[in-house]
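Structure first, commentary second.
Read-outs throughout are calculated quantities, based only on the coordinates presented, and are distinct from any laboratory measurement. What you see is a predicted model, and the numbers here were worked out from it, not measured in a lab. Cβ atoms come from the backbone with ideal geometry, glycine included; neighbour counts cover every protein chain shown.
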Amino acid sequence: FDVPKAKADTIMDEAEKQLQDLAKDIDESGPNGRDDERDDEENDNIEGWVDEMEQLPACECQAVRKSIGPIRFVLVKLRKLAFKIIHSTTKLLPAWYNVLNKCKLSQRIMPRDVATRWNSTFDMLTFALEYREAIDIICADKN
């Protein structure tokens, strides 16, 4: 579910353009990023893992990518929200705690999706489902 890099010679549909716009601020390199995992991508087939997407015909591959687009879109939005809540200690974090109090939810910070922790995406999604009301309120507030 990595965000595709923009390619000059490839025409992207509107959903991919929105996904690119959302993901452009996410840092994917470094200790918590995903670039360190891509360096040896060609040589990483030691354990016999097979990339099923490479074996699909082009039309099926495009259909799969299109079907998982909304999932990727939601993951990018949740990653950005978690980052903003954690790193905005003066504005968004107090507002987050106020929304949690109004919704009568326990005061927790949204867990971040970390590439080196295999279960962090699941933890972030579980949290988002439990705190959906608060997330909807904080995302709807434009102030």
Exercise for the section: Would you kindly derive the ³J(HN,Hα) couplings of the stretch 70-81 from the backbone phi angles with the Karplus curve 6.51 cos²θ - 1.76 cosθ + 1.60 (θ = phi - 60°), listing them in order in whole Hz, with x for Gly and Pro? Expected result: x, 5, 4, 4, 5, 4, 5, 4, 5, 4, 5, 5
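How large is Rg/Rh for the stretch 79-143, to two decimals, with Cα atoms and a Kirkwood Rh?
Numbers: Rg = 11.6 Å, Rh = 12.1 Å.
Ratio of gyration radius to Kirkwood radius for the stretch 79-143: 0.96.
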Problem - Amide H contacts under 5 Å for Ser88, placed H, 5+ residues apart - result: Leu93
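Based on the inverse mean of 1/r over its pairs of different Cα atoms, what is the Kirkwood hydrodynamic radius of the stretch 52-116, in Å?
Numbers: mean 1/r = 0.0691 Å⁻¹.
Taking the inverse mean of 1/r over all distinct Cα pairs, the stretch 52-116 comes out at 14.5 Å.
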Handout entry: Order by protection proxy (mean Cβ within 10 Å, highest first), peptides 53-65, 127-139, 97-109
Key = 127-139, 97-109, 53-65
